[in-house]
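Reviewing the structure listed below.
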Amino acid sequence: MEVTVRFWGVRGSVAVPGERCARYGGNTSCVEVRVGEQLFVFDGGTGLRGLGISLAGQAPLDADIFFTHTHMDHIAGVPFFGPFFGPKNRFVMWSGHLSDMDLQNVLRSFMAAPLFPVPPEIFSAALVWSDFKAGDVLQPREGVVVRTAPLNHPNGATGYRLEASGKSVCYITDTEHVPGSPDQTIIDLVQGADVMIYDCTYTDEEFPSHVGWGHSTWEEGLRIADAAGVKQLVIFHHDPSHDDAFMDKIASRADTARPGTLVAREGGVIVL
């Protein structure tokens with residue numbers, strides 16, 4: 001079966017509409033992966049709304065949504081995902097970063113007054129809540145394996161590796177590296193992957209003033225990709241202050257350093 005990756009939200013921290021970010025996109029994290037007709041979604045940032053619009057009229061849907069964590073930029077699209085309101089649809093909601101709460105209760109707290117007018121119970125689709133521990137190996141569908149690992153991020157986060165049809169796609173955001181000490185947990189997870197989507201919020205030059213913020217750099221992404229033998233690095237989770245001109249410079253420098261490296265753009269598609 002063909003494996004495809006489509007980007008619906010590529011920005012980190014906060015959505016940034018407007019002409020300055022029009023070419024790369026301003027919506028926050030949301031990535032669609034298809035294995036044949038099977039649908040897998042990674043994160044529910046503001047890009048999730050656009051994915052929902054694209055799925056209109058396709059009920060019944062039976063899909064899986066994997067959350068790296070529940071910071072606002074990764075769940076802000078959840079209340080606006082149209083397929084959640086379709087009674088014929090079913091979604092398995094996966095999360096591996098929570099210890100004191102489960103995903104359902106986190107979203108219920110988020111979708112509650114005075115933050116939001118209606119609770120998750122407003123959704124008419126069948127939602128199956130599946131919490132796990134980062135490091136577990138998941139089998140969400142026949143022929144599909146999802147490996148997981150903990151990431152270095154405030155309040156925790158989970159990295160994912162989806163394997164199907166002899167292909168592998170890794171989704172590694174949000175995570176902070178330690179300069180000069182590559183994260184062996186990530187290297188082990190992404191070893192030999194076809195595609196690694198990696199948190200490249202900053203440049204190495206910017207990083208020292210953002211230590212402790214929970215994010216990495218595109219240069220560290222290159223170093224991890226080289227260390228793990230990743231075939232293609234995708235630069236992801238763009239800082240909201242990085243406009244299209246800035247991202248063009250990163251794209252040029254990254255492709256020179258490691259030919260074939262991509263900077264994620266909304267609407268962009270990778271076919272494996």
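The values are calculated or read from the model by the stated rules, or taken from the named source; none is laboratory data. Note that the structure is predicted; figures quoted are calculated from it, not measured. Quick reminder, even Gly has a Cβ in these numbers, built from the backbone with ideal geometry, and neighbours come from all protein chains shown.
Overview of values
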item	result
Criterion: crowded, with 19+ Cβ neighbours inside 10 Å and within 23 Å of Gly50 (Cβ to Cβ) - qualifying residue of Phe236, Phe207	Phe236
Answer residue from the range 210-233, given it is β-branched (Val, Ile, Thr) and farther than 19 Å from Ser13 by Cβ and is surrounded by the fewest Cβ atoms within 10 Å (Cβ to Cβ) among those	Ile224
Asp102 under 20 Å from Val41 (Cβ atoms), surrounded by 13 or more Cβ atoms within 10 Å (Cβ to Cβ) and at pLDDT below 95	yes
Residue identified as of a type in the set (D, E, K, R) and in a strand (DSSP E or B) among Glu176, Glu163	Glu163
When residues of the range 37-50 are limited to those that are touching a residue at least 40 places away in the same chain (Cβ under 8 Å) and surrounded by fewer than 23 Cβ atoms within 10 Å (Cβ to Cβ), the one nearest to the chain's Cα centre (by Cα)	Gly50
Residue in the range 81-93 that is touching a Gly at 6+ places or on another chain (Cβ under 6 Å), within 21 Å of Ser13 (Cβ to Cβ) and surrounded by 22 or more Cβ atoms within 10 Å (Cβ to Cβ) present	yes
Matching residues in the range 10-31 - criterion: being of a type in the set (A, V, I, L, M) and either at pLDDT below 95 or buried (at least 24 other Cβ atoms within 10 Å of the Cβ) (or both)	Val10, Val31
Among (1) surrounded by fewer than 22 Cβ atoms within 10 Å (Cβ to Cβ); (2) touching a residue at least 60 places away in the same chain (Cβ under 8 Å) - the single one Phe67 does not satisfy	(1)
Of residues in the range 194-204 being touching an Asp or Glu at 6+ places or on another chain (Cβ under 9 Å) and either part of a helix (DSSP H, G or I) or not acidic (Asp, Glu) (or both), the one surrounded by the fewest Cβ atoms within 10 Å (Cβ to Cβ)	Thr203
